[in-house]
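Below you'll find the structure, written out as structure tokens, and then a few comments.
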Amino acid sequence: MRNRNLAFLLSLAFPSALPAQQPRDVIQPVQRHSVQWYHAVAALGAISAASLLDESLRDHLQAHRTAGKDDVARAFRRMGEPQIYAVVGLGTIATGLVSGDARITRAGERITAGLLLAGVTSSALKLATGRRRPGGGTGPYEFHPFSGDDAWPSGHTTMAFALAAGVSDELHSTPAAIVLYGAAALTGWSRLNDDRHWLSDVLAGAAVGVTSAKLMNGHWRG
């Protein structure tokens, strides 16, 4: 039963993320995957290419924005807020400590470490780039480093994808991964719908979040 505590805790935040029947051993050995420098180059290239769609996509989404879409966005953006990701990360650690299961504690530590790295990296990039948000009345290529403008990358998206990647790596469940990454993607969409970010902000946030979680899970190999 102790091995099911992590799945139970996660189900409180993501009730649809876990299948009805859980495997007996929820925590599996981490499967390492190589992360290379050229992955970062490819990601930056894709984000740069996507930035060409920033303005047109923003205009399209705002022209078709509805109250119903705003309600959906309001629900999903919470995945990128502390009341969700902090509860999952720190709550998993607490569950492991209370139950005396070191595997659950270590899982919570890895999830939390990924979230911390993602948050620090996102904040540093926001400060260094100083990109204007869409609602400022300017185009998508307004950058004023250290000005206080903080569009790039999207912080909500960063944290949502860091949480999705970290939890998915611990559960090793395809249905859970689909739901978690799907919810993270909807968090990113919510920032576009709310006119808080450009498309390239969201894609950059996703890249930072996933990379941070993978690094903290020991997936980096030189």
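The values are calculated or read from the model by the stated rules, or taken from the named source; none is laboratory data. These numbers were taken from a predicted model, which means no experiment stands behind them. Reconstructed Cβ throughout: ideal geometry from the backbone, glycine too, with neighbour counts over all protein chains shown. Just so you know, the surface numbers come from the protein's heavy atoms only, side chains and all, with ligands and any DNA or RNA stripped out. Shrake-Rupley method; radii C 1.70, N 1.55, O 1.52, S 1.80 Å.
Summary of values
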quantity	calculated
Segment 124-173: chymotrypsin sites (Phe, Trp or Tyr not before Pro) in DSSP coil with no more than 16 other Cβ atoms inside 10 Å	TYR141, PHE146
Gyration tensor (alpha-carbon) shape descriptor, segment 66-222, a/c threshold 1.5	prolate
Label point distance in nm, LEU90-ASP195, each placed 7 Å from Cα along Cα→Cβ	3.5 nm
With DNA, RNA and ligands ignored, accessible area of ASP195 (1.4 Å probe; Å², nearest 10)	30 Å²
By accessible area with a 1.4 Å probe, ligands and nucleic acids excluded, highest first: order of ILE104, ILE93	ILE93, ILE104
Neighbourhood charge, 15 Å Cβ-Cβ cut-off, centred on GLY139 and excluding it, Lys, Arg +1 and Asp, Glu -1	-3
Estimated Rh, segment 160-222: Kirkwood, alpha-carbon pairs, angstrom	12.1 Å
Average accessible surface area per residue within segment 81-222, 1.4 Å rolling probe, Å²	38 Å²
Per-pair calculated FRET efficiency, R0 = 45 Å: ALA67 and TRP37 via Cβ, rounded to 0.05	0.50
